[in-house]
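Laboratory data are not the source of any read-out in this text; all were calculated from the coordinates shown. All figures in this text were calculated on a predicted structure; none of them were measured in a lab. Note that we place each Cβ from the backbone using ideal geometry, even for glycine, and neighbour counts take in every protein chain shown.
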Amino acid sequence: MDSEEEMLKILFKQEHGFLISKIMFTACELGVFDLFLESEDTLTSAAIAERLGTSNVGMERLLEACVGLKLLRLEKKDNEGLYGNTDLANLCLAKSSPKSQYQYMKFCSEHFYPNLEYLAQAVREGKEQIQSICGTSEKDFYKATSSSKEELQRFSSALEDAWSLYGEEVMSAMDLSCFHIVCDLGGCSDAFAKKYISLYPNSTVTIFDLPEVVETTKHLASSEEQRITFQGGDFFNDQVPEADLYTLARVLHGWDDEKCVTLLTKLNKACKPGGGVLIVDTILNEDRNGPLEAHIYSILMLLYTKGKARTSSEYNALLGAAGFKVIQFKKGRLFGVVLGRK
Ligand SMILES: C[S@@+](CC[C@H](N)C(=O)[O-])C[C@H]1O[C@@H](n2cnc3c(N)ncnc32)[C@H](O)[C@@H]1O
């Protein structure tokens, strides 16, 4: 059993987890990490406050907290405190960081954070709460999200951030070089597709998403990339493009088992023998006691959709029910990859 000291540490951290997120989001929003990345130098708190137009007192408090969270470093020179980004901040927290998570954090701060107010209600009712808040008659979150173009762009940019961190790992989890014609169902933007074609140069990818989503995201995609195309449609009601491989990244976790089997069965029929479907989602351990990442996504799915996080055997069962025979599974740092073949 944990000592009381350990228990109290866990308690304090869990009680204040939301504050930790908000400290990081606030530093991002005010441009603290961008300033350090651009200046490539350490700066005093007063200099940062002046450049970012904040109070000295508030900025110093925020910077010290970020040092405590290991987002910034602090060194003393001639009795003066000099702040700079940690490697984590340089890599992920500035807008122009090579693996920036800025847009995702902005989305977390502006959407997930306030909407978690409805979590208790979601637990009481056992169903999603957000479509009513979006004030739309549509039954699912994705259609609700696409009700505003700017909102949709923000959602799409937020989703893209994951692929700069995990895209290569996901694409190389299995050898997919035998699949040349790929359809990224519910692909949203070209971020996932770009990772695919960079690892598999002989491939082409069609991004298939709701018409209103594609209308917005195709204009943001790089027009030079001829191997990526967009097609609007509803994967439940419209014909899906012909492909050797259908990818479903963070799609099935948004739907209940029945809808998943309906979609997978449709894809099985669309596949030629040897064709496949690649599921990319956070995967729960078989004993369901972790990982934390899968539990977090599962809670978000309860709040926003009819879906949930699943174990790899649950995904196997869905694929099996849809007629897929050979099933492979590989666990990654955040996402698991499940490949079903006809
Ligand atoms: C959570 S997002 C995942 C986006 C992308 N695959 C990723 O991981 O970055 C789910 C996507 O599925 C799309 N989607 C939802 N219902 C759909 C439907 N019936 N037909 C086509 N796309 C759909 C949404 O518009 C959204 O872009």
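Only Lys, Arg, Asp and Glu count, each charged at its Cβ (+1, +1, -1, -1), so figure out the dipole size of the range 189-342 about its Cα centre, rounded to 20 debye.
540
Which residue, 82, 98, 338, has the largest displacement toward the positive end of the dipole of the chain when charges sit on each Cβ (Lys, Arg +1; Asp, Glu -1)?
The residue sitting most towards the positive pole is 338.
When a footprinting reagent is the concern and you count Cβ atoms within 10 Å, what order do 40, 50 take, fewest first?
Going from sparsest to densest Cβ surroundings: 40, 50.
Of the candidates 265, 305, 44, which one comes out as most mobile in a Gaussian network treatment of the chain with C-alpha springs shorter than 10 Å?
Fluctuation is largest for 44.
Suppose the chain between residue 75 and residue 119 were pulled fully straight at 0.36 nm per residue; how much longer would it get relative to their current alpha carbon spacing?
The span from residue 75 to residue 119 would gain 11.7 nm if fully extended.
Kindly write out, for the range 228-233 in residue order, the coupling ³J(HN,Hα) from the Karplus curve 6.51 cos²θ - 1.76 cosθ + 1.60 (θ = phi - 60°), rounded to whole Hz, with x marking Gly and Pro.
For the range 228-233, the Karplus-derived couplings read 10, 10, 10, 9, x, x Hz, x marking Gly and Pro.
Divide by every residue of the chain the summed helix terms, -39500 (n - 2.57) for each DSSP H run of at least 4, and state the resulting mean residue ellipticity at 222 nm, rounded to the nearest 500 deg cm²/dmol. Don't jump to the answer; show the numbers that get you there.
On the way: 15 runs with 153 residues, N = 342.
Value at 222 nm, helices only, nearest 500: -13000 deg cm²/dmol.
So what's the net charge close to residue 221: Lys and Arg +1, Asp and Glu -1, counting the other residues with Cβ under 14 Å from its Cβ? Write down the numbers at each step before the final one.
Working: positive: 194, 195, 218, 227; negative: 160, 184, 190, 209, 215, 224, 225.
After counting each charged neighbour, the total is -3.
Amide H neighbours of residue 311 under 5 Å, at least 5 residues apart or on other chains, H built in the peptide plane: list them.
Under 5 Å from the amide H of residue 311 lie the amide H atoms of 284, each far enough along the sequence or on another chain.
What pairs from 195/269; 308/330; 195/218; 22/76; 194/218 go past 23 Å between their alpha carbons?
195/269; 22/76
In a GNM of the chain with a 10 Å cut-off on Cα contacts, which of 72, 292, 302 has the highest mean-square fluctuation?
So, out of 72, 292, 302, the one fluctuating most is 292.
Considering the Cα trace of the range 255-314, what is its radius of gyration and what is Dmax, both in angstroms?
Spelled out, the Cα radius of gyration and Dmax of the range 255-314 are 13.3, 38 Å.
Tell me, what HN-Hα J-couplings in whole Hz come from the Karplus equation 6.51 cos²θ - 1.76 cosθ + 1.60 at θ = phi - 60° for each residue of the range 71-85, using x for Gly and Pro?
Working through the residues one at a time gives 9, 10, 10, 10, 10, 9, 9, 6, 6, 10, x, 10, 9, x, 5 Hz.
Under 19 Å between alpha carbons, and skipping anything fewer than 8 positions from residue 342 in its own chain: which aspartates and glutamates qualify?
175, 184, 242, 244, 314
Looking at 192, 295, 274, which one has the Cα that reaches farthest to the positive end of the dipole of the range 102-341 (charges on Cβ: Lys, Arg +1; Asp, Glu -1)?
Toward the positive end, the furthest listed residue is 274.
Give me a comma-separated list of calculated 3J(HN,Hα) values for the range 23-37, in order, Karplus coefficients 6.51, -1.76, 1.60 applied at θ = phi - 60°, integers in Hz, x for any Gly or Pro.
5, 5, 4, 5, 4, 5, 4, 7, x, 4, 6, 5, 4, 5, 5
Which one, 81, 274, 187, has the greatest fluctuation when you compute a Gaussian network model over the chain with C-alpha springs under 10 angstrom?
Of the options given, 81 has the highest mean-square fluctuation.
Below 12 angstrom from the Cβ of residue 264, what's the summed charge of the other residues (Lys, Arg +1; Asp, Glu -1)? Show your work: numbers first, answer last.
Numbers: positive: 259, 266, 269, 342; negative: 257, 258.
Taking every other residue near residue 264 into account, the sum is +2.
Could you list 73, 124 in order of exposure, starting from the residue whose Cβ has the fewest other Cβ atoms within 10 Å?
124, 73
By a straight-distance test (C-alpha under 16 Å), which lysines pair with residue 306 as possible cross-link partners, with residues fewer than eight away in the same chain excluded?
Here the lysines satisfying the reach criterion relative to residue 306 are 127, 139, 143, 259.
Between beta-carbons, use under 15 Å as the cut-off and find the net charge around residue 54, counting Lys and Arg +1, Asp and Glu -1.
Working: positive: 51, 61; negative: 29, 34, 50, 60, 64.
Neighbour charge sum, excluding residue 54 itself: -3.
Sort out for me the Cα centre separation of the range 279-307 from the range 153-179, rounded to whole Å.
Result: 18 Å between the Cα centres.
Let me check against my output: what whole-number percent is the relative contact order of the range 4-93, with C-alpha pairs under 8 Å and at least 6 apart?
Averaging sequence separation for qualifying contacts and normalising by length gives 28 percent for the range 4-93.
What are the residues whose amide H is under 5 Å from the amide H of residue 207, where those residues sit 5 or more places off or on another chain and H is modelled from the backbone?
For residue 207, whose amide H was placed from the backbone, the distant partners under 5 Å are 184, 229, 230, 231.
How large is the dipole of the chain about the Cα centre if only Lys and Arg carry +1 and Asp and Glu carry -1, each at its Cβ, rounded to the nearest 20 debye?
960
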